[in-house]
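Each remark here refers to the structure printed beneath this line.
The values are calculated or read from the model by the stated rules, or taken from the named source; none is laboratory data. No experiment lies behind these values; they were computed from the predicted model shown. Counting neighbours? That spans all protein chains shown, and the Cβs are built from the backbone with ideal geometry, glycine included.
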Amino acid sequence: MTRIAVVSDSHGGTLHLERFVEFCREEGIDRVFHLGDVVEDAKWLRKRLDVPLTLVAGNCDYLSHEAREARETVEGKRLLLVHGDRYGVRCGGDRLSYYAEEQMMDAALYGHTHRSFAGYVGKVLLINPGALKDGSLCVLEVSPGDMIPRILDVDEWYRTRRG
């Protein structure tokens, strides 16, 4: 099983970025996906984490030369990583789901709305971790037979760890 921490929309939120680094280290995270807004935050995370980090640019990453889409295969599951703005996710997940299905993806991970979501739309598992700037993230546990997303609040995790 591979444990992936999925984040988006960090928007320079230093406190949550620092807590997220601590979370990844203490919770045995194997990989990190950052779904845009702000790629500089993702690069900051990459320097502080000892796990592979894949990033895509979001709509606020105006001058970035980073890709707007990435594809990863984890434990045989095909994952599409996007920010979501180009697929009208503020109006629902249908367009993104259709695109991911056409691309033969098992899941599509996106951000942009700042609202967490994990569920099937059509045949594709859609996952939005919410906005890391507000403390929201997703841990996606992937095995050859299953994908289990859990939406978490890094502030709540931090409080329970610190007593």
message: Being modelled with pLDDT of 95 or more, small (Gly, Ala, Ser), surrounded by fewer than 23 Cβ atoms within 10 Å (Cβ to Cβ) and not in a loop (DSSP other than H, G, I, E, B) is the requirement here; does Ala100 meet it?
response: no
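Results for (1) touching a Pro at 6+ places or on another chain (Cβ under 7 Å); (2) farther than 17 Å from Val142 by Cα; (3) among the hydrophobic types (A, V, I, L, M, F, W, C), shown as yes or no for each residue.
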| position | (1), (2), (3) |
| --- | --- |
| Leu17 | no, yes, yes |
| Cys24 | no, no, yes |
| Val32 | no, no, yes |
| Val39 | no, yes, yes |
| Lys43 | no, yes, no |
| Pro52 | no, no, no |
| Glu66 | no, yes, no |
| Glu72 | no, no, no |
task: With the condition kept exactly as written, say whether any residue in the stretch 62-78 is buried (at least 17 other Cβ atoms within 10 Å of the Cβ), under 15 Å from the mean Cα position of the chain (by Cα) and among the hydroxyl-bearing types (Ser, Thr, Tyr).
output: no
message: So, Val139, is that one closer than 24 Å to His16 by Cβ and either surrounded by fewer than 22 Cβ atoms within 10 Å (Cβ to Cβ) or at pLDDT below 95 (or both) or not?
response: yes
Candidates Val6, Val32, Val51 - the one that is crowded, with 16+ Cβ neighbours inside 10 Å, in contact with a strand residue (DSSP E or B) (Cβ under 7 Å, 6 or more places away or on another chain) and assigned to a loop (DSSP other than H, G, I, E, B): Val51
- prompt: Looking at this structure, is Asp134 acidic (Asp, Glu) and closer than 15 Å to Ile4 by Cβ?
  reply: no
task: Have a look at Arg78, Arg95, Arg90 and point out the one that is of a type in the set (Lys, Arg), without any contact (Cβ under 8 Å) to a residue 40 or more places away in the chain, out of contact with any Gly (no Cβ under 7 Å at 6 or more places or on another chain) and not in a strand (DSSP E or B).
output: Arg90
query: With respect to Glu22, is the statement that it is in a strand (DSSP E or B) and either surrounded by fewer than 21 Cβ atoms within 10 Å (Cβ to Cβ) or not hydrophobic (A, V, I, L, M, F, W, C) (or both) true?
result: no
